[in-house]
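Asks: Quick one: structure below, then a few questions.
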Amino acid sequence: MPSVNFTVKWPDGELMQYYSPSTVIYEYLSIGQRYPSTQFLHQVENGLNAASERVQVRHGFACSSAMDTLAMIKRQAKFFRLSPADQIEVIEMTNQ
């Protein structure tokens, strides 16, 4: 199953790379798209949950890496104390 690394630009300009165990994340995030913070968090949570479910269907167990990625993104969002007006941009998405 191909995985995806995706890079986002946080409101302070910091670039961070994250991991999805499935290409289903492309259905939830788009390269070059800027998302209001609440929408980004909603999209990435849905996308990573869907990715974990695909792993479970294929391999018989959920993907802990997807949940680790989601937890990392949520921690980062708390660190930035995001407001609804803050924008998060998806810079790059590459299959692995």
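Asks: Between Glu14 and Glu53, what FRET efficiency follows from the Cβ-Cβ distance if R0 is 25 Å, with the result rounded to 0.05? Could you put the intermediate results ahead of the total?
Replies: On the way: r = 30 Å, r/R0 = 1.19.
The value I calculate is 0.25.
Asks: I would also like to ask the following. Figure the gain on full extension for Ile31 and Ile91 (residue separation times 0.36 nm, minus the Cα-Cα span) and round it to one decimal in nm. Spell out each step's value before the answer.
Replies: On the way: separation 60, 0.36 × 60 = 21.60 nm, distance 0.57 nm.
Difference between extended and current length: 21.0 nm.
Asks: Run through all the Cα pairs of segment 4-95 and give the fraction in each 10 Å bin from 0, expressed as whole percent.
Replies: Cα pair-distance distribution for segment 4-95, in percent: 18, 54, 24, 4.
Asks: What length, rounded to one decimal in nm, is gained on full extension from Ala71 through to Thr7, with 0.36 nm per residue of separation minus their alpha-carbon distance? Could you put the intermediate results ahead of the total?
Replies: Numbers: separation 64, 0.36 × 64 = 23.04 nm, distance 1.58 nm.
Difference between extended and current length: 21.5 nm.
Asks: Please give the per residue accessible area of segment 20-96, computed with a probe of 1.4 Å over protein heavy atoms only, in Å². Let's see the in-between values first.
Replies: Numbers: 4430 Å² over 77 residues.
Accessible area per residue: 58 Å².
Asks: Quickly work out the Gln39-to-Lys78 label distance, labels modelled 7 Å from Cα along the C-beta direction, and quote it in nm with one decimal.
Replies: 2.6 nm
Asks: Amide H to amide H, which residues 5 or more places from Val4 or on other chains are under 5 Å from it, using H placed in the peptide plane?
Replies: Amide H to amide H, under 5 Å and 5 or more residues apart or across chains, Val4 pairs with Ser20, Ser22, Gln96.
Asks: About its Cα centre, how strong a charge dipole does segment 15-96 have in debye, to the nearest 20, once Lys and Arg get +1 and Asp and Glu get -1 at the Cβ? If you can, show how the numbers build up before the last one.
Replies: Numbers: 7 positive and 7 negative charges, 40 e Å.
The dipole magnitude comes to about 200 debye.
The values are calculated or read from the model by the stated rules, or taken from the named source; none is laboratory data. A quick note: this is a predicted structure, and the numbers were derived from the prediction, not measured. A quick note on method: Cβ atoms are made from the backbone with ideal geometry, for glycine too, and the neighbour counts reach across all protein chains shown. Please note that ligands, DNA and RNA were not included when accessible areas were found on the heavy atoms of the full protein model with its side chains. Shrake-Rupley method; radii C 1.70, N 1.55, O 1.52, S 1.80 Å.
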